[in-house]
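Computed from the coordinates by the stated procedures, all read-outs in this text should not be read as laboratory data. This is a predicted model, so every value here is computed, not measured. No Cβ is skipped: glycine too gets one built from the backbone with ideal geometry, and neighbour counts run over all protein chains shown.
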Amino acid sequence: MAESLLVNLNERSYEIRFGQQLNDEIQAKVGELRAAGHPVAVLCDRNVAQTQTASLSAMFGDAPKCIVAAGEGTKSLAGLGEVLEFLAVNRVDRGGVLFAVGGGVIGDLGGFAAASYLRGIAFYQVPTTLLAMVDSSVGGKTGINLAAGKNLAGAFHQPRGVYIATELLRTLPPREFAAGMAEVIKYGLLAEAPLFARLERGPLTVASDDLATVIRRCCAIKARIVEADERELAKEGGRALLNLGHTFGHAIEQAAGYGHYLHGEAIAIGLVAAAQLSHRLGLIPESAIGRIEKVLAAHALPVRLSAPLPLAVLMAAMARDKKVRAGLPRFVVMERIGEAVTRDGVPAALAEECFRLIGAV
Ligand code: NAD
Ligand code: GLY
């Protein structure tokens, strides 16, 4: 039976529905929307269209589908243009509803298209990757990358609902599942020591009995954080805590060139750099870094750069991060495993040292 979790954002509140399979429930929602005169459109990528053909057909029937190329390259101005033109050609009006069915790329792109088309239409998230189930489908951050950097154009636009059906993960390639685990591990590190302890006991896999419980736990942590600081405006802590490992990770992703590392792989290496920084600031013992690396490696994630990247390129990429204010990045560090804080004023030399420790030259 499906379970649900409310993301309480006053008039923007919505439910996350959890189940092994939610085709019938989504089909009923689509039918209800159409019967009430709301045109329904679907966005997915080619991989999802090919591997989830039967589910897509069961969920959406003959609703128009925009099928875009898979991969981070689609989260671009060109990709956005493609989706907006599709919505216009299919005469989706202001009452229209877009279902974004896919990983974080499709959720971010579809959400931003929904935020900007006709100055904003409704959208639902149907995540199909582990990363999207535990992170990107919840919280309303949408956007695309620009040549100058990651997620540089976007909008806060909350979905009207999120449907998390774990059955959809059966076709996900193992490397993509592992990439999603980086965000799961991140939640344990920033907010829930028992979750990290669970992952230390043995790897979570697509066949684990507690997979759905862990996904739900991650969504609950994210919902709590987003409810308290929806637009990431807190002076300290708040939603920025979800960026543990991301200040380093986004720089790695950009410096290596999008496509070299999966997003989650770059975040895994970024988590090690954040652990090194936390240790060097006197917050966590050296042994904690070893524990974190062990859990990442047990989930088939990298803990060092696979090929050295120049320090200067990494530092320049970090300075372009959109979270930089007055030229200074704000880091998220761990005070202990299970508790993170934001830290301003970290000397550049210390950030460089952490990059060197993960293989920068
Ligand atoms: P993705 O969307 O590119 O999906 C990964 C790959 O898996 C793609 O090739 C896709 O075609 C394929 N795929 C997806 N579902 C599948 C399935 N069920 N079966 C077979 N193949 C499947 O990448 P991702 O890792 O899901 O998301 C990464 C993106 O998410 C990045 O752009 C990142 O910036 C963004 N993100 C956003 C937020 C947010 O809060 N908005 C949070 C974290 C990450
Ligand atoms: N993934 C970071 C956030 O949603 O704020």
Assigned charges on the beta-carbon of Lys, Arg, Asp, Glu; region 181-292 dipole about Cα centre (debye): 140 debye
A correct fewest-to-most ranking of Leu5, Leu118, Leu314 by other Cβ atoms within 10 Å would be Leu118, Leu5, Leu314
Quick one: check the C-alpha center-to-center distance for region 256-273 versus region 117-140, whole angstrom. 22 Å
Quick check on my link table: of Lys65/Lys323; Lys75/Lys186; Lys222/Lys323; Lys186/Lys235; Lys65/Lys186; Lys75/Lys294, which ones sit more than 29 Å apart, alpha carbon to alpha carbon? Lys65/Lys323; Lys65/Lys186; Lys75/Lys294
Using the reciprocal of the averaged 1/r over all distinct C-alpha pairs, how large is the Kirkwood radius of the chain in Å? 20.5 Å
Most exposed first, judged by fewest Cβ atoms within 10 angstrom, Arg304, Arg119 run Arg119, Arg304
So if I place +1 on the C-beta of Lys and Arg and -1 on the C-beta of Asp and Glu, and nothing else carries charge, what would the dipole magnitude of the chain be about its Cα centre? I want it in debye, nearest 20. 460 debye
Taking 0.36 nm per residue of sequence separation and subtracting the Cα-Cα distance, how much length would be gained by fully extending the chain between Glu32 and Glu3, in nm to one decimal? 8.4 nm
With the cut-off at 1.5 for a/c, could you classify region 202-274 from its C-alpha gyration tensor as rounded, prolate or oblate? oblate
Arrange Glu85, Glu25 by Cβ neighbour counts within 10 Å, fewest through most, would you? Glu85, Glu25
Once phi is turned into ³J(HN,Hα) by the Karplus curve 6.51 cos²θ - 1.76 cosθ + 1.60 with θ = phi - 60°, what whole-Hz value does each residue of region 235-242 show in order, with x for glycine and proline? 5, 8, x, x, 4, 4, 4, 5
Prolate/oblate/rounded call for region 158-240, Cα gyration tensor, a/c under 1.5 rounded: oblate
So for region 135-282, using the alpha carbon gyration tensor with a ≥ b ≥ c as root eigenvalues (a/c under 1.5 gives rounded; past that, a/b versus b/c decides prolate or oblate), I'd call it rounded
